[in-house]
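This is the structure I want to talk about, given as structure tokens.
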Amino acid sequence: MKCTCSKKDLNDALNAVVKAVAVKPSTPVLAGIYLRAADDTLELQATNFSISIIAKIPANVEVEGAIVVAGGYFTNIVGKLGGEIVTLTNEDDAATVTLRSEAASFDLLSMDAEDFPRINKEDATHSFRIPKDALKNLIARTVFACSKDESRPVFTGCLIDIAGTAITFAATNTSRIAIARDQLFDELESLQFIVHAATLRNLLGMLYKSSDNVVSVDFYGTGVAFTFDNIFMSSRIIDGTFPPYDKVIPASCATTAEVDVAELRVAIERMQIIAQETEYKTVLFKFTQDGLEISANSYNVGKSIEHVDANVNGDDLEISFNFSYLLDALKVFDTKTIGFGMNQPLMPAKIQGTDDESFIYIITPLRTQ
């Protein structure tokens, strides 16, 4: 194999596929990246069997061929090379690949391409297209709420729920649930599946660098694939039934309050200095006709109190929250103000952007003495 390509193109492709390289591989080849040069294209593949990624870049191919290189080392070297052009050479039967760029040259051990589990694109049972920015927002507004407890797999991913042209993402760790909605380009019959949070975080990172405005999504029963730019990314879906997320949204609220997002976020960030020393990272909210009082009390550190302007309607209410759960949500609201909807100190509270029904955050209060 011998080919020449843009260093930038190669570096961008490597930064995408390396996300699928196995961290603790069951066999050495899974720690590698598959390279195939043919038809004026250099194709890169990586898989850990849960996530698989293919990237293709233009290349001047002098000799066709395929090899596997150690993913981490290869990616780090290419990232540090000078110059704008990289030449890759693997002589017949040689167990090394040579990288050259300007005055630098590296010889890296390679592995047999025949041993690499090639990524095959499955036939889709359902396909749809979604605006890139819409998909970015759906992921960013929900993935943070996923559970990290692998003993309950269904909560470690986001539910993707499609009906017609409406698409909903929902994620929960059972103490909170984030629900985000948007629209597809295509109309689709009813479809639900759960994608692991790790897959979506990797996808989100690549979408921020994408130049395409549309992402194509293919569902094939046991997995889902996302295609954009020169990237194809597939992932297994999580087996299981996601809880009926709509049923946790309060139908009505005895106490409502409208608060400025930026002001509230800054206040809670100050409160966390004290609150992080409490057992459950607790902040106490007191909603009255005078506004909102936030406080945190640690027996080991001290106490802090701050008043935040709020337009409160209904009954006065004292309610406690985990401050980190609040900050996670406040970072993804894109409205100037948000509305709290509450009923009792221990009943779930609803947080939603003012005049914005596309994102709803439900948080379970803490029981405090």
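In the chain, what is the volume of the convex hull around the alpha carbon atoms, normalised per residue and reported in Å³?
On the way: hull volume 62.0 nm³, N = 369.
Cα-based convex hull of the chain, divided per residue, equals 168 Å³.
Shifting gears a bit: Take His307, His126 and order them by how many other Cβ atoms sit within 10 Å, fewest up front. Show your work: numbers first, answer last.
On the way: His307 13, His126 16.
Exposure proxy ranking, most exposed first: His307, His126.
Apply the Kirkwood formula to region 249-363: the hydrodynamic radius equals the inverse of the mean of 1/r over all pairs of different alpha-carbon atoms; give it in Å with one decimal.
Working: mean 1/r = 0.0708 Å⁻¹.
Result for region 249-363 stands at 14.1 Å.
Given all pairs of different Cα atoms, what value in angstroms does the Kirkwood hydrodynamic radius of region 2-115 take? Each step should come with its number before you reach the end.
Working: mean 1/r = 0.0725 Å⁻¹.
13.8 Å is the Kirkwood radius here.
Please give the helix 7-17 orientation as an angle from the longest Cα principal axis of the chain, in degrees from 0 to 90, rounded to the nearest 10.
60 degrees
Can you compute the label reach from Asp356? Point 7 Å from Cα along the Cβ direction, backbone N cut-off under 16 Å, restricted to region 176-220.
Hits in region 176-220 for Asp356 at 16 Å: 178-183.
Continuing with the same structure: Report ³J(HN,Hα) in whole Hz for each residue of region 169-178, in order, from the Karplus equation J = 6.51 cos²θ - 1.76 cosθ + 1.60 where θ = phi - 60°; Gly and Pro get x.
Those phi angles translate into 10, 9, 9, 8, 10, 6, 9, 7, 9, 10 Hz.
Right, next: Under the 0.36 nm per residue contour assumption, what length would be gained going from the current alpha-carbon distance of Glu279 and Arg201 to full extension? Don't jump to the answer; show the numbers that get you there.
On the way: separation 78, 0.36 × 78 = 28.08 nm, distance 2.89 nm.
Difference between extended and current length: 25.2 nm.
Lys8: which lysines have alpha carbons under 30 Å from its alpha carbon, excluding same-chain residues fewer than 8 sequence positions away?
Qualifying lysines at Cα under 30 Å: Lys19, Lys24, Lys56, Lys80, Lys121, Lys132, Lys136, Lys209.
On a 0 to 90 degree scale, rounded to 10, what angle separates helix 71-80 from the longest Cα axis of the chain?
Relative to the chain, helix 71-80 is tipped by roughly 90 degrees.
Turning to a different aspect of this structure: With just the Cα atoms defining each centre, how far is region 59-137 from region 299-369? Give it in Å.
47 Å
What's the angle, to the nearest 10 degrees (0 to 90), between helix 261-275's Cα axis and the longest principal axis of the chain?
Value to nearest ten degrees: 90.
Would you mind ranking Arg152, Arg36 by Cβ crowding within 10 Å, fewest neighbours first? Numbers along the way, then the final one.
Numbers: Arg152 12, Arg36 22.
Arranged by neighbour count, lowest to highest, Arg152, Arg36 become Arg152, Arg36.
At a 10 Å Cβ-Cβ cut-off, how would you order Cys253, Cys3, fewest neighbours first?
Working: Cys253 19, Cys3 24.
Starting with the residue having the fewest Cβ neighbours, the order is Cys253, Cys3.
All of the numbers you see were taken from the coordinates with simple rules; none came from a lab. Quantities reported herein were computed from a predicted structural model and do not represent experimental measurements. Note that each Cβ is placed from the backbone with ideal geometry, even for glycine, and that neighbours are counted across all protein chains shown.
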